[in-house]
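Enquirer: I have a structure I would like to understand better, so I am pasting it below and will then ask my questions one at a time.
Every number in this text was worked out from the coordinates using simple rules, so none of it is lab data. No experiment lies behind these values; they were computed from the predicted model shown. Cβ placement follows ideal geometry from the backbone for every residue including glycine, while neighbour counts extend to all protein chains displayed.
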Amino acid sequence: MTSREPSNPVVRRLVAAINDSDRDAFLATLTPNATLTDDGNPRSLTDWIDREVFSVHGHISVECEQEEDGLNLLARYRHDTWGEMSTYWRFQVTGDKISRIDTGQA
């Protein structure tokens, strides 16, 4: 399966940071008060990314954008704990940073 690049440049940088295992680059894409939900449940963003992304070799393969703005993605997400699953990723962007991430199983 070929991964697509998100059309939104901020989201594209976040996806690249995940796939490059670059926590600092990931955090650089976020506003200082960015929030995250996982399957509709609010989570501590830094705890979640450490547990669900960076300590378990997370990798996101974008399958498609649900809208033309590049802020709503369907993707295959894989990591060492749960394997691979179909996921959705929704982003809110404020200026040139991500202020909210909503993700979960699709």
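Enquirer: Using mean Cβ contacts within 10 Å as the protection proxy, how do 9-16, 96-103 order, highest first?
Expert: For the peptides 9-16, 96-103, the packing ranking is 9-16, 96-103.
Enquirer: Over segment 9-105, with a single point scatterer placed on each C-alpha, what log10 of the ratio I(q)/I(0) does the Debye formula yield at q = 0.18 1/Å?
Expert: -0.77
Enquirer: Just Asn19, Asn33, Asn72 to compare: in a GNM of the chain, with alpha carbon springs under 10 Å, which one fluctuates most?
Expert: Comparing Asn19, Asn33, Asn72 in the GNM, the peak value goes to Asn33.
Enquirer: Kindly write out, for segment 21-33 in residue order, the coupling ³J(HN,Hα) from the Karplus curve 6.51 cos²θ - 1.76 cosθ + 1.60 (θ = phi - 60°), rounded to whole Hz, with x marking Gly and Pro.
Expert: 6, 10, 4, 4, 5, 4, 4, 5, 7, 9, 6, x, 10
Enquirer: Evaluate the relative contact order of segment 46-90 (contact order divided by residue number), counting alpha-carbon pairs under 8 angstrom at least 6 apart; express in whole percent.
Expert: Relative contact order, segment 46-90: 31 percent.
Enquirer: Under a plain spin-label model, where a point goes 7 Å from the Cα along Cα-to-Cβ, how far apart in nm are Ser61 and Asp80?
Expert: 2.0
Enquirer: What nm value, rounded to one decimal, do you get for the distance between Asp22 and Phe54 when each label is placed 7 Å out toward the C-beta?
Expert: Each label point is offset 7 Å from its Cα along the Cβ direction, giving 1.3 nm.
Enquirer: Over the chain, what is the relative contact order in percent, taking alpha-carbon pairs closer than 8 angstrom and at least six residues apart?
Expert: This gives 30 percent for the chain.
Enquirer: Loop-only check: which chymotrypsin sites (Phe, Trp or Tyr not before Pro) in segment 39-84 are DSSP coil with at most 16 other Cβ within 10 angstrom?
Expert: Trp82
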